Amino acid sequence: VLVGTNYVSDWWEEYIYLRGRGPIMVNSNYYAMDYLYVYPTKIQSARAGNTIHAIVLYRRKLDREQIKPLMIQNTIPMCTSQYERMFNSSRIPGVETDTIQHMRDSKHIVVFHKGRFFKVWMYHDGRLLKPREIEQQMQKILDDKSEPQPGEQNLAALTAGDRVPWANARQNYFSKGKNKQSLDAVEKAAFFVTLDDTEQGFNKEDPVRSLDSYAKSLLHGKCYDRWFDKSFSFIVYKNGTMGLNAEHSWADAPIIGHLWEHVLSTDSFQLGYEEDGHCKGSTNPNVPGPQRLQWEIPEECQSVIQSSLKVPSTA
């Protein structure tokens with residue numbers, strides 16, 4: 001009986017990836033960089049507006065089966081099964097093995113900025129938000145001066161450390177109430193976004209050091225400002241540069257590469273920016289603003305978070 005699309009695919013996914021009990025950050029996850037020599041805009045919220053819109057456009061094409069398969073020598077189509085879990089997916093920690101949770105659809109993203117988590121709806125009045133409207137949402141988050149709730153800032157470090165402590169913490173502290181509701185929002189989001197508070201990118205005056213810093217930021221950041229379990233975390237820096245960090249178990253790198261090429265080309269060559277660097281179009285006061293996710297993280301859980309943070313920090 002044929003139980004998989006390939007005789008080795010199920011085994012490979014489970015035993016090479018999902019049963020690994022060590023940190024997936026650095027050891028498994030990988031990253032994609034922005035243009036090195038082109039800076040479409042220096043405005044962080046605007047870059048996020050265009051590129052988030054472009055990402056969701058790609059998802060829409062994928063859902064409508066409008067993405068043509070990659071071809072070998074323009075003759076043989078490559079299998080496209082790995083595209084299925086690109087969006088609305090998250091790796092879920094388990095004691096013995098992790099699993100991949102995939103939702104059929106998701107109409108929101110979760111955005112992390114300076115220790116706070118925000119839920120942002122991608123649709124309003126039955127349509128996808130336009131780039132300028134997404135920029136507006138991102139700017140509201142950047143302008144929000146509220147402080148992180150106890151334990152919130154370093155929460156994502158649970159996804160950066162060993163898998164068993166995270167699995168136990170998830171069961172003990174995130175299986176009911178507002179913690180479960182907020183964790184569901186993260187895990188069931190279309191994808192995860194970080195509005196990073198650092199500046200990264202290629203500096204021709206110091207190419208090696210700048211690229212090294214950029215790569216390290218995309219690969220691990222501060223170890224608590226990417227949700228390493230999401231299928232991918234999209235990162236936009238303070239100076240408008242961007243990149244992403246991808247979880248590896250659901251697909252190989254060419255799948256993310258195809259998305260990334262689409263995002264880069266759509267951002268620069270189709271959507272573009274106004275002369276002042278903002279997204280084209282106008283703001284919309286009727287779009288509901290971002291929603292802060294609410295957490296009640298007890299001190300015992302905060303201790304687990306700190307322990308998870310120490311694992312990659314001391315590795």
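General remarks:
- Within the range 80-100, one or more residues are hydroxyl-bearing (Ser, Thr, Tyr), at pLDDT 95 or above and either part of a helix (DSSP H, G or I) or crowded, with 19+ Cβ neighbours inside 10 Å (or both).
- Residue within the range 41-62 that is closer than 18 Å to Ile256 by Cα, assigned to a loop (DSSP other than H, G, I, E, B) and touching a helix residue (DSSP H, G or I) at 6+ places or on another chain (Cβ under 9 Å) present: no
- Verdict on Lys140 being within 20 Å of the chain's Cα centre (by Cα), more than 24 Å from Phe228 (Cβ to Cβ) and surrounded by fewer than 24 Cβ atoms within 10 Å (Cβ to Cβ): yes
- Look at (1) outside any helix (DSSP H, G or I); (2) crowded, with 16+ Cβ neighbours inside 10 Å; (3) without any contact (Cβ under 8 Å) to a residue 40 or more places away in the chain; (4) not aromatic (Phe, Trp, Tyr) and you find that Ala32 fails only one, number (3).
- Subset tally (residues that are of a type in the set (S, T, N, Q), within 19 Å of Glu147 (Cα to Cα) and outside any loop (DSSP other than H, G, I, E, B)) for the range 263-315: 3
- In the range 164-215, residue surrounded by the fewest Cβ atoms within 10 Å (Cβ to Cβ) [restricted to those that are of a type in the set (Asp, Glu) and closer than 21 Å to Glu135 by Cα]: Asp197
- Scanning the range 224-246 for residues that are under 17 Å from Phe118 (Cβ atoms) and either of a type in the set (Val, Ile, Thr) or at pLDDT below 95 (or both) yields Ile235, Val236.
- Positions within the range 16-46 being touching a strand residue (DSSP E or B) at 6+ places or on another chain (Cβ under 7 Å) and either small (Gly, Ala, Ser) or at pLDDT below 95 (or both), in sequence order: Ala32, Ala46
- Scanning the range 67-92 for residues that are without any contact (Cβ under 8 Å) to a residue 60 or more places away in the chain and basic (Lys, Arg) yields a count of 1.
- Taking (1) over 23 Å from Ile109 (Cα atoms); (2) in contact (Cβ under 8 Å) with a residue 24 or more places away in the chain; (3) assigned to a helix (DSSP H, G or I) in turn, Gly201 satisfies each apart from (3).
- Of everything in the range 260-273 that is loosely packed, with under 13 Cβ neighbours inside 10 Å and modelled with pLDDT of 95 or more, the residue that is nearest to Phe191 (Cα to Cα) is Glu261.
- In the range 169-179, the residues that are touching a Phe, Trp or Tyr at 6+ places or on another chain (Cβ under 8 Å) and either closer than 25 Å to Met86 by Cβ or β-branched (Val, Ile, Thr) (or both): none
The values are calculated or read from the model by the stated rules, or taken from the named source; none is laboratory data. This one's a predicted model, so the numbers in the text were calculated from it and none came from an experiment. Note that we place each Cβ from the backbone using ideal geometry, even for glycine, and neighbour counts take in every protein chain shown.
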